[in-house]
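What follows is a short report on a single structure.
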Amino acid sequence: MSTTPSLPLRLDLPELGAVVCTRALRVLPGRRWTLAGATERGARAVVVKLFLAGRHARRDFRREQRGFALLHRHAISAPQVLYAGALAEPAGWVVVTAALDGTPADALGEAALPAVVRAVALQHAEGIEQRDAHLGNFLIADGLAWTLDGAGIRASRALSARRARHNLARWLAQYPPGIDRRSGELLTLYRTTRWDRGRVGSGDGFRNHIARERRERERRQVAKSLRTCGAYIASRTWRRFSVIDRAADTPALRAWLAAPDAPFDDPQAVWLKRGRSASVVRLTLDGRDVVVKRYNLKDFLHRLRRFWRPSRAWQSWRAAQRLLLWGVPTPKPVALLEERFGPLRGRAFYVSEYARGEPLATALPTADPPTRALLLKNLCALLGTLARLRLSHGDLKATNLLVDNDNTLMLLDLDALRRHRRRDACFRALARDVARLRANWADQPALLAELDRALADAGLAP
């Protein structure tokens with residue numbers, strides 16, 4: 001049996017008749033497929049969730065069934081279940097629900113916040129807890145958040161204040177730290193909907209709870225990006241470790257994995273950097289422009305120092321996952337490859353999408369006054385976001401900031417990016433980043449004065 005769906009896929013179901021699935025919404029290879037399609041009889045749009053025969057398929061199917069039944073019993077907005085039962089081909093179990101017209105909450109950003117908070121409050125009021133906190137599990141239609149996933153639903157006679165606080169914080173942690181300024185407004189909405197009377201907490205205590213949930217979400221995302229799952233393919237042997245973005249898995253990328261040095265040996269290579277510690281080339285893989293960065297080992301002592309430490313490519317991959325999770329612009333990671341000897345690490349390669357733009361080092365001095373003001377504003381917003389996430393770049397040269405066509409700033413060269421547990425350590429690291437950035441224009445006092453004013457206005461002055 002194939003681990004991924006071959007579309008179109010026809011299913012013949014009792015009572016419902018034939019269903020033709022034409023589009024994949026989410027695929028967990030070999031485990032679960034979520035497909036969009038329609039019934040042949042009446043051409044009714046449906047969503048088909050297939051639980052493929054395996055270790056936990058029957059359990060997950062039953063949870064999905066029970067979850068939707070529970071939501072409907074308590075009049076919580078959820079799609080109608082049209083069919084649920086066993087399936088012979090492909091072997092497993094299936095739940096078919098009516099398709100809804102709306103927009104996934106994760107596609108709406110902050111605009112979906114009120115509907116999401118109201119839906120979570122209504123669930124809590126009925127003793128329901130949705131444990132799979134993922135914004136894709138809510139669909140926003142006519143101002144309401146419809147619950148799309150039944151498997152994560154759990155119920156109790158009365159949801160305790162502690163569990164309600166934990167669950168609400170987990171949902172708010174799906175958003176970047178910028179929404180924390182609205183925590184008071186959102187708590188008021190939650191309490192009004194649930195008649196909470198303040199039991200979930202408020203103020204800095206609740207914001208700290210959200211921050212803890214956010215760090216836990218980040219930890220899970222980074223760990224997930226280093227193993228085989230719906231989004232990534234990982235491979236580990238005694239001599240190498242690799243992980244690639246499943247969406248970028250093409251014959252050309254596989255050919256590069258087999259011979260990673262080939263682009264650097266090509267006489268026609270487009271070099272971006274020739275260095276002793278790192279070499280960077282640009283190439284095209286099956287129509288996609290990418291940048292390949294090879295982290296070299298300069299000599300035996302350098303190799304000895306790097307043996308036991310995570311490679312700089314490993315650090316870059318993890319850092320990119322962190323930034324993209326919170327919407328901080330950076331080139332999308334495509335592949336990570338480490339040469340190994342058992343637990344010992346050697347050379348490493350990091351592949352990311354090629355990003356077009358102009359380095360801030362040249363864009364800022366040559367910009368006209370309105371554009372310069374916008375660039376400084378965007379720069380301060382980026383630094384503020386990093387500070388709220390307790391991240392520091394570690395090498396914030398102006399050449400590591402790329403300006404795209406709409407003057408958005410994109411972070412490059414992430415191998416020195418670090419997360420700080422303590423706020424004071426983060427502020428000290430941020431001050432070093434700002435000092436490194438200011439040094440780019442030390443010989444341009446007028447520009448430096450503008451930068452300092454923008455930093456001071458944003459509360460980021462060194």
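The values are calculated or read from the model by the stated rules, or taken from the named source; none is laboratory data. Computed from a predicted model, the values in this text were never measured in an experiment. Because the Cβ atoms are built from the backbone with ideal geometry, glycine has one as well, and the counts that use them run over all protein chains shown.
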Residues Leu35, Leu25, Leu50: which one is in a strand (DSSP E or B), free of Cβ contacts under 8 Å to residues at least 24 places away in the same chain and of a type outside the set (Phe, Trp, Tyr)?
-> Leu25
Pairs, please: C-beta under 6 Å, at least 6 apart or cross-chain, first residue more than 12 Å from Asn137 (Cβ to Cβ) and in segment 103-120, second buried (at least 16 other Cβ atoms within 10 Å of the Cβ) and of a type outside the set (A, V, I, L, M, F, W, C)?
-> Val117/Tyr190; Arg118/Thr193
Considering only segment 416-443, state which residues are touching a residue at least 60 places away in the same chain (Cβ under 8 Å) and either among the aliphatic types (A, V, I, L, M) or touching a strand residue (DSSP E or B) at 6+ places or on another chain (Cβ under 8 Å) (or both).
-> Ala416, Leu417, Arg419
Is it fair to say Thr4 is exposed (fewer than 15 other Cβ atoms within 10 Å of the Cβ), of a type in the set (S, T, N, Q) and over 14 Å from Val95 (Cβ atoms)?
-> yes
Does segment 70-98 hold any residues that are without any contact (Cβ under 8 Å) to a residue 24 or more places away in the chain and either surrounded by 15 or more Cβ atoms within 10 Å (Cβ to Cβ) or part of a strand (DSSP E or B) (or both), and which are they?
-> His72, Val81, Ala84, Ala86
Elements of type strands (runs of 3 or more DSSP E) in segment 321-419, at least 2 residues being assigned by TED's automatic domain parsing to the domain that holds Ala248 and of a type in the set (Gly, Ala, Ser) | 344-353
Reported set for segment 139-183 where residues are of a type in the set (S, T, N, Q) and either under 15 Å from Leu122 (Cβ atoms) or surrounded by fewer than 16 Cβ atoms within 10 Å (Cβ to Cβ) (or both) is Thr147, Ser156, Ser160, Asn167
